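Q: Sharing a structure below in C-alpha cells format, with a few things to ask.
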Amino acid sequence: MKSLIRAAAFFIGTLAAALLPGVAAQAGTGQPSPWQINLQGAATPVMEKIHDFNYLLLGIITAIVLFVLVLLVIVVVRFNERSNPVPSKTSHNTMIEVAWTVVPVMILVLIAIPSFRLLHLELNIPKPDITVKVTGHQWYWSYEYVDNGGFGFDSYLVPEKDLKAGQPRLLTVDNEVVVPVNKTIRIQVTSADVIHSFAVPSFGVKIDANPGRLNESWFKVTREGVYYGQCSELCGRDHAFMPIAVRAVSEADFEKWVAQAKGKFSAAEAPELKMADASAAR
Ligand SMILES: [Cu+2]
C-alpha cells in the first residue's frame, strides 16, 4: 500500500514538474532536497540551458505519449470485434508510411539543433579568469590554484559525528573550493589513481578524472552560495564518501580568502610537491 502511495506521489510529482517548471526548479539548488524529482536548480548559464533543454524534451515526450495514447484508445473503441466485425484488408498506405518516416526525422532534427548548441556551449571554454586544477584520489579531491600563487589543498569528507548545525550529511568537506561569482572558472581535472568523475549538478558540470590525462571544463556561478557535488564514477570502496563543495563568494571575499589560504596551505602542501618530496626522500 505504502509503495502504491509513493508511486502515485511520484507520478503526480513528475506531472507537476513537467507542468510547473518554475516551481520545481526552485527546489534544491546546490544540494538535493527531500522528495526532489526534478534536476537541481541552476547556478550557471550552462545549467540554465540544460534545464531549458530538459523541458523541451519533456514537452516532446509528453506530446508523443498523449498522441500514441489517443491512437490506442481509438483502436480499442472503434476497431474491436463487436463494433467492427469485418476488418479492412488494407496493407499499404503510402501517405501514412511517408508521414511516419518524415515526422520522426523532423522531431529528431528539432531535438538535435538545441542539443548540439548546448554541447558547443559546454565544450567551448570561454577565456578563463581563474584556473583550478582538480585531482581525484581514492577517496578525496585535491585542488590547486595555479593562477593565485599555486597553493593547493586536499578536501576530505567531514564525518557525521563532526558536523555542525546546518551542514549536510555526506556532502560537507573540511576544505571547500572557493571561487568568485560571475567569473569564468576553468577546471582542469585529472586523477592520481583510478578514474573518478568531478560532478556538481547545479553547475551542469560532470567530467571524468582520468589518470595521466587532463580534462577541461568550466563554470560561471551567477549567485553566491555553497554548491555540492559528488564523485560520479564508481572508483572503489569509498566512492560515496568523496564529496565536492564549492563556495561562490564576491570578488572581494575571494581575494581575502586567497590571502588567508596562501598562508594556511603553504606551497609544500600542494599534492604534487608532496609527491615530489616523497620520491626525493626515497
Ligand atoms: Cu571517485
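Q: How large is the dipole of segment 130-281 about the Cα centre if only Lys and Arg carry +1 and Asp and Glu carry -1, each at its Cβ, rounded to the nearest 20 debye?
A: 320 debye
Q: In nm², what is the average projected area of the convex hull enclosing the Cα atoms of segment 130-281?
A: Working: hull surface 36.7 nm².
Mean shadow area of the hull around the Cα atoms is 9.2 nm².
Q: If you add up the charges near THR184, with Lys and Arg at +1 and Asp and Glu at -1, over every other residue whose beta carbon is less than 9 angstrom from its beta carbon, what do you get?
A: Residues near THR184 contribute +3 overall.
Q: At a Cα cut-off below 12 Å, give the aspartates and glutamates reachable from LYS220, other chains included and same-chain residues fewer than 8 away excluded.
A: Qualifying aspartates and glutamates at Cα under 12 Å: GLU48, GLU122, ASP129.
Q: Further question: Around PRO87, what is the net charge, scoring Lys/Arg as +1 and Asp/Glu as -1 over all other residues with Cβ under 15 Å from its Cβ?
A: +2
Q: Would you please put 107-115, 203-211, 32-40, 233-241 in order of how densely packed they are, using the mean number of other Cβ atoms within 10 angstrom per residue and starting with the highest?
A: So the peptides 107-115, 203-211, 32-40, 233-241, ranked by packing, come out 203-211, 32-40, 233-241, 107-115.
Q: Can you pull out the trypsin sites (Lys or Arg not before Pro) in segment 142-192 whose DSSP state is coil and whose Cβ has at most 11 other Cβ atoms within 10 Å?
A: LYS164, ARG169
Q: On to the next question. Where both residues lie in segment 130-281, what percent of DSSP beta bridges are antiparallel, nearest 5?
A: Values: 28 of 40 bridges.
Once the DSSP bridges in segment 130-281 are tallied, antiparallel ones form about 70 percent.
Q: Now for a separate question. If you filter segment 145-227 for GluC sites (Glu not before Pro), then keep DSSP loop positions with at most 14 other Cβ within 10 Å, what is left?
A: GLU224
Q: Right, another one. What's the ranking of 225-232, 188-195 by average number of surrounding C-beta atoms within 10 Å, highest first?
A: Working: 225-232: 20.9, 188-195: 18.0.
The densest-packed peptide leads the list: 225-232, 188-195.
Read-outs: derived from the displayed coordinates by stated rules, not from any lab. Since we're looking at a predicted model, the values are computed, not measured. Glycine also receives a Cβ, built like all others from the backbone with ideal geometry; neighbour counts cover every protein chain displayed.
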